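We did not get these values from a lab; they are worked out from the coordinates using the rules stated. As the structure is a prediction and not an experimental result, all values here were calculated from the model. Because the Cβ atoms are built from the backbone with ideal geometry, glycine has one as well, and the counts that use them run over all protein chains shown.
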Amino acid sequence: MAANSLWDIRVDAHPRPFAELRRLHDVFSRSVIPESRGMPTRADPAGVDDEEDA
């Protein structure tokens, strides 16, 4: 990801911060990161179409 991250995740107030960070990492790895990689960029203004992946 870029140096200017899209997400600011804070788990310091959670009773089990490391477990929560691991859980959030798993969620992001499965859903958020693949979705954000398909978003338009300067190099690829159209982004990735879901049908192209099929």
> Taking amide hydrogens as modeled 1.01 Å from N in the peptide plane, which residues meet the under 5 Å criterion relative to V11, leaving out close sequence neighbours?
Replying inline: none
> Summing Lys, Arg as +1 and Asp, Glu as -1, what charge do residues with Cβ under 10 Å from the Cβ of V11 carry, V11 excluded?
Replying inline: +2
